[in-house]
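The values are calculated or read from the model by the stated rules, or taken from the named source; none is laboratory data. Since we're looking at a predicted model, the values are computed, not measured. All Cβ positions, glycine included, derive from the backbone under ideal geometry; neighbour counts span all protein chains shown. SASA here: full protein model, heavy atoms, side chains in, ligands and nucleic acids out. Shrake-Rupley method; radii C 1.70, N 1.55, O 1.52, S 1.80 Å.
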Amino acid sequence: MKTIRNFRLILPGEIDAEALVSQKPLSFWGGVDMASGDILDTHHDLFGKNLQEKILCIPYDRGSCSGSGVLIEMVRRGTAPAGILCIEAEPVLALGPLIAEKMYGKGMALRTIAESDYAALQDACRIRFTPDAVLVLERS
């Protein structure tokens with residue numbers, strides 16, 4: 001287990017879920033099916049994987065403000081990831097889940113970590129967001 005205490009809390013939430021880890025940015029607008037949570041971008045290394053109830057690990061998001069609308073709808077439908085862990089989070093990435101929290105009473109956790117900590121993440125590990133740490137657990 002690795003404990004990361006140096007993180008930035010963007011959107012709150014204590015969660016424990018399987019990680020989907022990528023070294024590529026992802027655009028929610030056109031890159032993700034909001035109805036199912038499947039990644040549709042055929043050029044992305046997570047193509048075909050489902051985000052629902054996972055912690056999506058991407059270095060940063062790619063795309064326009066339309067991605068916020070996709071995330072709002074995904075939160076509403078229950079197809080959003082449980083959380084996102086990234087190196088850098090643009091305000092647009094946080095806007096959708098923040099609005100969804102206000103509109104529907106449910107949101108999505110979002111934290112950023114240092115590039116060196118991000119580089120050590122492995123796909124299919126478990127990640128837990130606690131109030132004071134990001135815990136990276138061994139693969140199941």
Share antiparallel - DSSP beta bridges, region 38-121, percent rounded to 5: 10
Using a basic spin-label model with each label point 7 Å from the Cα along Cα→Cβ, how many nm lie between R126 and K106? 2.2
Give me the accessible area per residue for the chain, probe 1.4 Å, as a whole number in Å². 49
Considering all projection directions equally, how large on average is the shadow of the alpha-carbon convex hull of the chain, in square nanometres? 7.2
So what J values fall out for region 4-15 if you push phi through Karplus, 6.51 cos²θ - 1.76 cosθ + 1.60 with θ = phi - 60°, rounded to Hz, Gly and Pro as x? 10, 9, 8, 9, 10, 7, 9, 10, x, x, 9, 9
Figure the gain on full extension for Q52 and E90 (residue separation times 0.36 nm, minus the Cα-Cα span) and round it to one decimal in nm. 11.5 nm
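Taking a 1.4 Å probe, which of M34, M1 shows the most accessible area, and what order do the others take after it?
Working: M34 60, M1 135 Å².
Ranked from most to least accessible, the order is M1, M34.
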Calculated from backbone phi, Karplus (6.51, -1.76, 1.60) coupling profile of region 72-81 in Hz, x at Gly/Pro: 4, 5, 5, 4, 4, 7, x, 9, 6, x
Step through the residues of region 111-120 one at a time and calculate ³J(HN,Hα) from phi using the Karplus curve (6.51 cos²θ - 1.76 cosθ + 1.60, θ = phi - 60°), rounding each to whole Hz and writing x for Gly and Pro. 9, 10, 9, 5, 4, 5, 5, 4, 4, 7
